[in-house]
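Trainee: Take a look at this one; I'll ask things after.
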Amino acid sequence: MSNTLGIGVVLLYFTVLVGIGIYGAKVSLKTREDYFLASRGLGSIAVFMALFASNITAFTIIGHAGFAYGTGYGAYGYVIGWSIFITPFTYYLVGYRSWLLGKRYGYATQPQVFGGIFDSKLVALIFLVLLLYYTLPYLVVSIIGGSLAFTTITDGVIPYWLSSLVIIGISLVYTIPAGLRGTVWTDIFQGAIFLTVACLLLMALARALGGFSAITGQIMVENPAMLQRSLSPGIAPINWFSFAFVNSIAVIVFPQMFTRILAARSSSNLKRVSLYYPLALAAIFGVSTLLGVWGSVAIPGLEGKDADNIVPMLIHQFLSPVWMILGLVVILAIVKSSIDSQLLSVTHLVTDDLLPRFKRFTSETAVFWGRILLVVFAAAAYYIALVRPAAILSIAAFAFSGFSVMLPVMIGALYWPRANKYGACAALIFPAIMLHLWYLEILPKWTTFGFMPVFPAFILAILTLVVVSYLSPAPSQEQKEKTFGIFDKVFTGGGN
Amino acid sequence: MSFKVRLALVSLIVLIMFILHNSFWLWDLDDRVPLLFGFMPFAFSFYVGYSILALIAMRIIIRLAWPDPPAEVLEPHRGEGHLE
């Protein structure tokens, strides 16, 4: 009975996604602007869910719950605390000004926005290379994480290779025909599913474990250290401080997030997104934290990577098989909503910023190449996810930090008229090299002064931008006017 | 109020939120503050409150320093960028 129901639910879920793809293709125009940016016409709910669903990965439910299992309630503040405020704040700080320039000059990606501000093809190229360099391994790791979770939750019935194939294949079904519009519509559907089911799952598990108060009381008796952050060495204050520079400020630099902000219809849409984003982030990570901590007393004794399976194990041990099916759909929804957006964004970068360096083509041809490249990148990502080369995984380990240290150049470009292309190039390349030297342990650990490498690299990026910009010629008045003239009109009404 | 003053106030809000997030001196309260709603210890409930504070902070920032653009600014500027 539950097998039939399970197959039915999963089939229904896939049918909805395919339907969205077919309908999206019907209403889409065959222009580059429509395929990659939905004609810059996304409303508040669409932008909100597109950003939120792309932001939430398998780590949220699987990895974070595993981390909370070993760390306690402190995992909540450590991983998502600062993000709750700063991620939506960066939608204002960087997103709004970039959106204004996008509307005015037709910019659609970071290489276009920042290459345009500095009037430099080299800045655009460095942005392109770094974004592809960090996004591709991150995409592969997302597929690996999602496929492992999918295999775990099906108890190995669906093997890893098939899980990867299903996840990538279904993503392509609606992304190829409908582009950004297809991924955004499925994000609304999938985001609503995983938020709703995650909350229901929390309540069902609380009930199965004797109630919210009872399970918390059990933790206080059997594992009181879970309540005290000072007893968890992994979240010591210096790590806590450094981690604020890892994931929270990286989000706006992810090309898939940046593009979705440029696709917003109006300033009001972005305001609403920034306003309510903190609550959505706090809710989904709150559920994940509680599940992990509860798991530490409900199923004690898991070590290392085994703890990452705590959510499927809780469902398996304490709830009916129907919940396993719902859990499966949640994992699929979370994984696919981030993978499809990453796939589309790398395709967008190559189609819009790399290919035109060699050959100019029409808008319609760009869409054609975009579709071809989607398949190429998906096939490459699938192959790498099967082989799992160590080099790719080690780059993915510091991809978030790599994105974070690009932020000072983005902020400098949008707020400091004296910043120039020389400063931007140096501040993009130098900290990226230093990050590699630290993460690959070529430089000794003491050179980071006890912080995670991302913090000194971030400071280096700021210093490099300022020093090199001051040591080289200032941008021309015309170039500054092109960007800051727009901002003056918006923020000061034309005055200062 | 000039936009520079508004931007300074926004920076102050960001600084306060950062200090609150890194308020290590409050960690001593983790096992002393009663559970919120009977199941949220301080290490958890602090961030439930922080998320509401973040919403309020964003509301203030939007009012202070996020004006809507005049229509002329959004007029596409032909000949620049990557317009269709």
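The values are calculated or read from the model by the stated rules, or taken from the named source; none is laboratory data. Everything numeric here is computed off the predicted structure, so don't read it as measured data. For neighbour counting, all protein chains shown are included, and Cβ atoms are generated from backbone atoms with ideal geometry for every residue, glycine included.
Trainee: Restricting the search to the stretch B:1-24, which residues are of a type in the set (A, V, I, L, M, F, W, C), within 19 Å of A:GLY81 (Cβ to Cβ), crowded, with 18+ Cβ neighbours inside 10 Å and facing another protein chain (nearest Cβ under 7 Å)?
Mentor: So the first thing to find is which residues in the stretch B:1-24 are of a type in the set (A, V, I, L, M, F, W, C), and the list is B:1, B:3, B:5, B:7-10, B:12-20, B:24.
With within 19 Å of A:GLY81 (Cβ to Cβ) added as a condition, the list becomes B:13-20, B:24.
So of that shortlist, the ones also crowded, with 18+ Cβ neighbours inside 10 Å come out as B:13, B:17, B:20.
Answer for the stretch B:1-24, where residues must be of a type in the set (A, V, I, L, M, F, W, C), within 19 Å of A:GLY81 (Cβ to Cβ), crowded, with 18+ Cβ neighbours inside 10 Å and facing another protein chain (nearest Cβ under 7 Å): just B:MET17.
Trainee: Still on this structure, please answer the following. Condition (residue is within 28 Å of A:SER401 (Cα to Cα), in contact (Cβ under 8 Å) with a residue 40 or more places away in the chain and hydrophobic (A, V, I, L, M, F, W, C)) applied to the stretch A:473-481: is it met by at least one residue?
Mentor: Quick first cut of the stretch A:473-481, residues within 28 Å of A:SER401 (Cα to Cα) only: none.
No, because not a single residue in the stretch A:473-481 is within 28 Å of A:SER401 (Cα to Cα), in contact (Cβ under 8 Å) with a residue 40 or more places away in the chain and hydrophobic (A, V, I, L, M, F, W, C).
Trainee: Give the number of residues within the stretch A:56-100 that are aliphatic (A, V, I, L, M) and within 15 Å of the chain's Cα centre (by Cα).
Mentor: Within the stretch A:56-100, the subset aliphatic (A, V, I, L, M) is A:56, A:58, A:61-62, A:65, A:68, A:75, A:79-80, A:84, A:86, A:93-94, A:100.
Retained after the next criterion (residues that are within 15 Å of the chain's Cα centre (by Cα)): A:56, A:58, A:61, A:79-80, A:84, A:86.
Looking only at that region, the number is 7.
Trainee: Same structure again: Go through (1) within 7 Å of another protein chain (Cβ to nearest Cβ); (2) within 19 Å of the chain's Cα centre (by Cα); (3) in a helix (DSSP H, G or I) and name the single condition B:TRP27 misses.
Mentor: (2)
Trainee: Going residue by residue through the stretch A:246-254, is there one that turns out to be modelled with pLDDT under 95 and within 12 Å of chain B (Cβ to nearest Cβ)?
Mentor: For the stretch A:246-254, residues modelled with pLDDT under 95 and within 12 Å of chain B (Cβ to nearest Cβ): present.
Trainee: Follow-up question, since we're still on this one. Kindly provide the set of residues from the stretch A:227-243 that are in a loop (DSSP other than H, G, I, E, B) and either more than 7 Å from every other protein chain (Cβ to nearest Cβ) or free of Cβ contacts under 8 Å to residues at least 40 places away in the same chain (or both), ordered by number. Step through it out loud before you land on a result.
Mentor: We begin by selecting, within the stretch A:227-243, every residue in a loop (DSSP other than H, G, I, E, B); these are A:228, A:232, A:236.
Residues satisfying the conditions are A:SER232, A:ALA236.
Trainee: While we're on this one: Just to be sure I understand the filter: pairs with C-beta atoms under 6 Å, separated by 6 or more residues or on different chains, first member in the stretch A:384-399 and closer than 26 Å to A:ILE252 by Cβ and in contact (Cβ under 8 Å) with a residue 12 or more places away in the chain, second member in a helix (DSSP H, G or I) and among the hydroxyl-bearing types (Ser, Thr, Tyr). Which pairs pass?
Mentor: A:ALA396/A:TYR138; A:PHE398/A:TYR439; A:ALA399/A:TYR134; A:ALA399/A:TYR138
Trainee: Could I ask something else about it? Which one of A:ARG360, A:ARG371 is modelled with pLDDT of 90 or more and among the charged types (D, E, K, R)?
Mentor: The conditions single out A:ARG371.
Trainee: Only one of B:ILE52, B:ILE56 is out of contact with any helix residue (DSSP H, G or I) (no Cβ under 7 Å at 6 or more places or on another chain), among the aliphatic types (A, V, I, L, M) and more than 30 Å from A:GLY102 (Cα to Cα); which?
Mentor: Values: B:ILE56 fails: more than 30 Å from A:GLY102 (Cα to Cα).
After applying the criteria, what remains is B:ILE52.
Trainee: Another one. Which one is nearest to the chain's Cα centre (by Cα), of the residues in the stretch A:1-31 that are surrounded by 11 or more Cβ atoms within 10 Å (Cβ to Cβ) and hydroxyl-bearing (Ser, Thr, Tyr)?
Mentor: It comes out as A:TYR13.
Trainee: Let me ask another. B:PRO67 fails exactly one of the following numbered conditions: (1) out of contact with any His (no Cβ under 9 Å at 6 or more places or on another chain); (2) at the interface with chain A (Cβ under 7 Å from one of its Cβ atoms); (3) assigned to a helix (DSSP H, G or I); (4) over 30 Å from A:ASP353 (Cβ atoms). What is the number of that condition?
Mentor: Of (1) out of contact with any His (no Cβ under 9 Å at 6 or more places or on another chain); (2) at the interface with chain A (Cβ under 7 Å from one of its Cβ atoms); (3) assigned to a helix (DSSP H, G or I); (4) over 30 Å from A:ASP353 (Cβ atoms), only one is false for B:PRO67: (3).
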